[in-house]
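**Q** Handing you a structure now.
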Amino acid sequence: MELNGLRVSRETQERLEHFASLFQKWTRSINLVAPSTLDQLWKRHIADSAQIYKLNPGPKTWVDLGSGGGFPGVITAIVLAEAGDGWVHLVESNHKKAAFLRVALQETGARGQVHASRIEDAPQAIPACDALSARALADLDSLLAYMSPWMLGHEEVRALLHKGRDYGTEIDKARGRWKFDLIQHASVIESDSVILEISKLQRKV
């Protein structure tokens, strides 16, 4: 199976299909994503999330903030199960969504764990990571503030962030408070969206 250039094994495909089934079941009682996007689950959410791992492959330790319905955190954790190494820490303060995430990880055999806590409290439980991700959570300036405990003083740590058409305005605002290296990756799913790859984060004096 291929997810927009990311080739996965039959076993990973089966894990993803099981996740999709769980997602459809749980979303009847919990609002995991916008209802208008449910009929595009594979393209709009699963394949879109898989771009993150393709841009930063390998057995890394991830922190996924505001994991919600599991995008991209659970998808990354499922792909890591094929590699047999790496780990995803999913941070989600909504306890109903956290319960869904735990079931999704357990039933798919994904490599990750759920932290049902506020983002601000997460660094105490997760002292270090190699990469961070977030999707549909907050503007870039706020995201960098959330991620700064893991990134400041750690130039090798990368953040990969899904952003929509207003990303340029968000970058300009964030540069008022932060210095960072930036690579803009065009989304293979949405023509007006990007994935921002950020590293070498510093706070402006």
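**Q** Return the only residue of Ser117, Ser67 being under 19 Å from Leu22 (Cα atoms) and touching a strand residue (DSSP E or B) at 6+ places or on another chain (Cβ under 7 Å).
**A** Ser67
**Q** Which residue, of Asp130, Asp121, is crowded, with 16+ Cβ neighbours inside 10 Å and among the acidic types (Asp, Glu)?
**A** Asp130
**Q** Considering each of Leu105, Leu140, Leu65 in turn, give the residue that is surrounded by 22 or more Cβ atoms within 10 Å (Cβ to Cβ), at pLDDT 95 or above, aliphatic (A, V, I, L, M) and touching an Asp or Glu at 6+ places or on another chain (Cβ under 8 Å).
**A** Leu140
**Q** Do any residues in the range 13-29 that are more than 18 Å from Arg111 (Cβ to Cβ) have Cβ atoms under 8 Å from those of residues that are at pLDDT below 95 and open to solvent by 50 Å² or more (accessible area, probe 1.4 Å), where the two are at least six apart or on different chains, and which pairs are they?
**A** If the second residue must be at pLDDT below 95 and open to solvent by 50 Å² or more (accessible area, probe 1.4 Å), the pairs left are Ala20/Trp42.
**Q** I'd like to verify a number: residues in the range 97-119 that are in a loop (DSSP other than H, G, I, E, B) and among the hydroxyl-bearing types (Ser, Thr, Tyr), how many?
**A** Matching residues across the range 97-119 total 1.
**Q** So how many residues does the range 57-96 have that are in contact with a helix residue (DSSP H, G or I) (Cβ under 9 Å, 6 or more places away or on another chain), in a loop (DSSP other than H, G, I, E, B), farther than 23 Å from Ser9 by Cβ and of a type outside the set (Gly, Ala, Ser)?
**A** Going through the range 57-96 one residue at a time, the tally reaches 1.
**Q** Which numbered condition trips up Ala99, out of (1) farther than 20 Å from Tyr53 by Cβ; (2) touching a residue at least 60 places away in the same chain (Cβ under 8 Å)?
**A** (2)
**Q** Let me ask something else. Quick one: what pairs do we get from the range 37-66, first residue within 20 Å of Ala159 (Cβ to Cβ) and among the hydrophobic types (A, V, I, L, M, F, W, C), second crowded, with 23+ Cβ neighbours inside 10 Å and modelled with pLDDT under 90, C-beta under 8 Å, 6+ apart or different chains?
**A** Ala50/Leu3
**Q** Suppose we filter Ala47, Ala98, Ala77 for residues that are of a type outside the set (Phe, Trp, Tyr), under 15 Å from the mean Cα position of the chain (by Cα), at pLDDT below 90 and open to solvent by less than 50 Å² (accessible area, probe 1.4 Å); which single one remains? I'd like the intermediate steps shown before the answer.
**A** Numbers: Ala98 fails: at pLDDT below 90; Ala77 fails: at pLDDT below 90.
Being of a type outside the set (Phe, Trp, Tyr), under 15 Å from the mean Cα position of the chain (by Cα), at pLDDT below 90 and open to solvent by less than 50 Å² (accessible area, probe 1.4 Å) holds for just one of Ala47, Ala98, Ala77, which is Ala47.
**Q** Out of Gln13, Gln40, report the one residue that is farther than 11 Å from Gly69 by Cα, modelled with pLDDT under 80 and of a type in the set (S, T, N, Q). Lay out the reasoning, then the answer.
**A** Numbers: Gln13 fails: modelled with pLDDT under 80.
Answer to the check: Gln40.
**Q** Given the conditions (1) under 20 Å from Asp48 (Cα atoms); (2) touching a residue at least 60 places away in the same chain (Cβ under 8 Å); (3) in contact with a helix residue (DSSP H, G or I) (Cβ under 8 Å, 6 or more places away or on another chain), and given that Ala131 satisfies all but one, which numbered condition is not satisfied?
**A** The single condition Ala131 does not satisfy is (3).
**Q** Just name the residue that is nearest to Asn56 (Cα to Cα) out of those in the range 154-205 that are open to solvent by 80 Å² or more (accessible area, probe 1.4 Å) and in contact (Cβ under 8 Å) with a residue 60 or more places away in the chain.
**A** Arg158
**Q** Right, another one. Count, please, the residues in the range 120-144 that happen to be in a loop (DSSP other than H, G, I, E, B) and in contact with a Phe, Trp or Tyr (Cβ under 6 Å, 6 or more places away or on another chain).
**A** Of the residues in that region, 2 qualify.
**Q** Check the range 105-119 and report whether any residue there is without any contact (Cβ under 8 Å) to a residue 24 or more places away in the chain and not charged (D, E, K, R).
**A** yes
The values are calculated or read from the model by the stated rules, or taken from the named source; none is laboratory data. Being a predicted model, the structure only gives us computed values, none of them experimental. When we count neighbours, we look across all protein chains shown, and the Cβ atoms used for this are built from the backbone with ideal geometry, even at glycine. Side chains are part of the model used for accessible areas, which takes the heavy atoms of the whole protein and leaves out ligands, DNA and RNA. Shrake-Rupley method; radii C 1.70, N 1.55, O 1.52, S 1.80 Å.
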